[in-house]
Amino acid sequence: MTGVPHLEYVTSKCEKGINVLRALSGVWWGAHPYCQKLVYNAVIRSQFDYGSLVIEPCNKNALKKLDLIQAKCLRITLGAMKSSPKIAMQVECLDPPLSLRRQYWQTVSSLRRVLSPIILFFLVWRSFPKKYLKTRLEVSSRHPYLFSCGEDRQVKCWDLEYNKVIRHYHGHLSAVYTLALHPTIDVLVSAGRDATARVWDMRTKANVHTLTGHTDTIASLVCQASEPQIITGSHDSTLRLWDLAAGRALCTLTNHKKSVRAIALHPALNTFASASPDNIKQWKCPDGKFIQNLSGHNAIVNCMAVNPGGRAGQRRRQRHPLLLGLAHRSAVQPGSMDSEAGIFAMTFDRSGSRLITAEADKSIKIYREDETASEETHPVNWRPEILKRRKF
């Protein structure tokens with residue numbers, strides 16, 4: 001008994017559930033990934049669990065078909081690309097490999113009658129849905145407010161004096177990944193997976209503008225007092241400069257060949273930089289004129305930070321860390337894997353002399369400038385490509 005007929009039956013039955021997930025997924029109108037995950041658990045993963053106690057010693061090649069179906073379903077749920085690693089999607093969806101799940105059910109079945117109340121409570125707790133991930137926080141410099149957004153499609157305003165939510169901003173159709181506060185007026189801008197950026201009146205909660213034009217997730221967003229007052233970067237490999245008063249795009253920058261995940265404004269010069277796996281590009285405001293490429297990274301650039309002032313700011317130093325440590329690696333904590341050497345977020349402190357990073361090994365690191373460093377002791381073997389004047 002190899003169990004191949006049963007596995008073929010399960011495979012054919014799961015194809016219908018995959019079609020249901022495809023019908024529910026979409027950028028403009030698709031269901032939330034959490035809802036799609038619930039459909040996957042009910043329609044498809046339940047088929048995997050049926051008979052899992054006896055099919056574990058079956059034909060290994062036949063079991064690989066179920067692993068391919070799991071990867072396909074998670075890719076549809078997250079809206080990930082075909083090249084996305086299966087392990088990364090399993091971690092993002094909190095869905096373990098099927099081999100571990102089969103071993104889990106075998107263990108639960110054999111110990112069900114002797115499990116202690118503490119272990120039973122743990123199993124029930126694991127079955128509850130996880131909280132939505134908060135993807136961005138912003139603190140207002142003009143008011144005692146904290147703004148947050150997350151995968152629950154909501155944007156919230158927190159009063160730091162009373163420690164409670166005082167406003168909700170409703171309108172996004174999918175997860176909200178980024179937000180920014182205007183430096184001079186009471187305006188909040190948020191953007192996310194629905195490929196739109198929404199401009200909110202901070203006090204009245206009114207949706208002033210809905211900035212449409214991108215065809216994929218908006219991953220980065222910045223606001224400034226001068227034109228263009230709003231700049232967005234998207235997974236469709238484009239940048240858009242927006243006119244806040246008119247609520248329309250001034251221009252679209254298509255120089256990037258891959259998704260734009262980070263944008264940083266220069267604190268003194270009227271320029272900004274955008275980060276993509278192909279290059280970090282510098283632009284001139286307000287018309288978005290291309291200045292130069294900052295090459296060197298060979299993987300996804302997840303975030304950027306520009307020193308706001310101080311000694312390092314006068315030298316105009318920039319930091320461009322990478323996602324998952326694919327190019328630039330930092331020292332991981334003892335016991336961590338090499339793949340956890342990446343940097344997810346970063347910022348400078350108020351003095352501009354220390355760099356604070358949040359890294360993949362679940363640590364927060366603080367770096368300070370070496371006062372004794374010089375061009376002789378720490379040479380930088382990098383020359384900007386200003387003279388070449390590349391078009392792309």
Single match in Leu123, Leu173 (criterion: in the same structural domain as Asp95 (by TED's automatic domain parsing) and either surrounded by 14 or more Cβ atoms within 10 Å (Cβ to Cβ) or at pLDDT below 85 (or both)) | Leu123
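Here's the yes/no breakdown for (1) of a type outside the set (Ser, Thr, Tyr); (2) at pLDDT below 85; (3) within 19 Å of the chain's Cα centre (by Cα):
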| position | (1), (2), (3) |
| --- | --- |
| Ile231 | yes, no, yes |
| Ala249 | yes, no, no |
| Asp287 | yes, no, no |
| Ala331 | yes, yes, no |
How many of the residues in region 141-171 are over 25 Å from Ala219 (Cα atoms) and among the aromatic types (Phe, Trp, Tyr)?
-> 1
Name, by its number, the condition in (1) touching a strand residue (DSSP E or B) at 6+ places or on another chain (Cβ under 8 Å); (2) at pLDDT 75 or above; (3) of a type outside the set (S, T, N, Q); (4) closer than 30 Å to Gln70 by Cβ that does not hold for Leu133.
-> (2)
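Within the bounds of region 53-62, is there any residue that is among the aliphatic types (A, V, I, L, M), modelled with pLDDT of 85 or more and part of a helix (DSSP H, G or I)? Before you say what the answer is, go through the steps one by one.
Of region 53-62, the ones among the aliphatic types (A, V, I, L, M) are 53-55, 62.
Keeping just the survivors that are modelled with pLDDT of 85 or more gives none.
No: region 53-62 contains no residue that is among the aliphatic types (A, V, I, L, M), modelled with pLDDT of 85 or more and part of a helix (DSSP H, G or I).
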Are any residues in region 169-182 in a strand (DSSP E or B) and not hydroxyl-bearing (Ser, Thr, Tyr), and if so, which ones?
-> Val176, Leu179, Ala180, Leu181
When restricted to Leu265, Leu323, the only residue at pLDDT below 85, under 22 Å from the mean Cα position of the chain (by Cα) and either under 22 Å from Leu253 (Cβ atoms) or surrounded by 16 or more Cβ atoms within 10 Å (Cβ to Cβ) (or both) is Leu323
Every residue from region 28-45 that is without any contact (Cβ under 8 Å) to a residue 12 or more places away in the chain and farther than 18 Å from Pro96 by Cβ = Ala31, Cys35
In region 235-247, which residue that is free of Cβ contacts under 8 Å to residues at least 40 places away in the same chain and in contact with a Leu (Cβ under 8 Å, 6 or more places away or on another chain) is nearest to Ile185 (Cα to Cα)?
-> Asp243
Return the total of residues in region 207-229 being closer than 15 Å to His172 by Cβ and of a type in the set (Gly, Ala, Ser).
-> 1
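The values are calculated or read from the model by the stated rules, or taken from the named source; none is laboratory data. As the structure is a prediction and not an experimental result, all values here were calculated from the model. Note that we place each Cβ from the backbone using ideal geometry, even for glycine, and neighbour counts take in every protein chain shown.
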